[in-house]
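Below is one structure, written out as structure tokens; comments come after it.
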Amino acid sequence: MSSSIGKKPPAAQCEPDRSYLRADLLENRTSMSQMHTLTVCSDGQAIDVFSIGAARAGLGKQKWGDGKTPIGTFELGQPRPSSSNYGMFIPIEWRDAHGRRTPIGGAPVGIHGPKVRFDGVGDLDWTEGCLSTATRADNAELSKLIGDRDIRVLEIHVVSRSPGETKTGD
């Protein structure tokens, strides 16, 4: 499998008058030409889109240590430097039954870049539950957009095909 670096994926449709991140993760990704995407929506407009990677164990995080990427709507924390050399780390948080912010499954899950030695192949499914931008430059750009536009919501969807991809015969 080769990486899709250099190819800008098509953006997802943004909901009117909303600012949020929309991750579209392919249910059965069989080749690198099929991209997971992260669309930055600001006031209902797609202002940027990134190719991303997800967890190697699949989708639907249920508990700490299952190695899966969560699905649903989450709050985003403030971007901060990663303690593990992944560029900027954008925490994905949810609220517990008492309304307290808590990491998903008890361990930090977020959006980050690839380690330096993997820069350019971050759109592979390799993480332990996080989303990963394909490049460190994408990670820096995404972190800046989130901060500049005060985007605090992430929606993670499972889709049968990438935005803009058509079924054979469509």
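The heavy atoms of Trp94 offer some 100 square angstrom of accessible surface to a 1.4 angstrom probe. Between Arg117 and Ile71, the simple spin-label model (points 7 angstrom out along Cα→Cβ) gives 3.4 nm. With each label modelled as a point 7 angstrom along the Cα→C-beta vector, the Asp48-Glu27 pair spans 3.1 nm.
Accessible area of Asp17 (1.4 Å probe, protein heavy atoms only, ligands and nucleic acids ignored): about 140 Å².
Annotation: Glu27 carries an accessible surface of approximately 120 Å², with a 1.4 Å probe and no ligand, DNA or RNA atoms counted. The dipole here belongs to region 18-87: it is taken about the Cα centre, uses +1 on the Cβ of Lys and Arg and -1 on the Cβ of Asp and Glu, and is about 260 debye. Listed by chain and number, the aspartates and glutamates placed with their C-alpha closer than 18 angstrom to that of Lys61 are Asp24, Glu27, Glu75, Glu93, Asp96, Asp125, Glu128, Glu155; residues fewer than eight positions away on the same chain are left out. Sort region 43-161 into rounded, prolate or oblate with this rule: let a ≥ b ≥ c be the square roots of the eigenvalues of the Cα gyration tensor; rounded if a/c is under 1.5, and if a/c is not under 1.5, prolate when a/b is larger than b/c, oblate otherwise. Rounded, since a/c falls under 1.5.
Distance between the modelled labels on Val158 and Asn85, one decimal in nanometres: 3.4 nm (7 Å Cα→Cβ projection).
The values are calculated or read from the model by the stated rules, or taken from the named source; none is laboratory data. This is a predicted model, so every value here is computed, not measured. Note that each Cβ is placed from the backbone with ideal geometry, even for glycine, and that neighbours are counted across all protein chains shown. When the accessible area is computed, the model is the full protein with side chains, heavy atoms only, and any ligands, DNA or RNA have been set aside. Shrake-Rupley method; radii C 1.70, N 1.55, O 1.52, S 1.80 Å.
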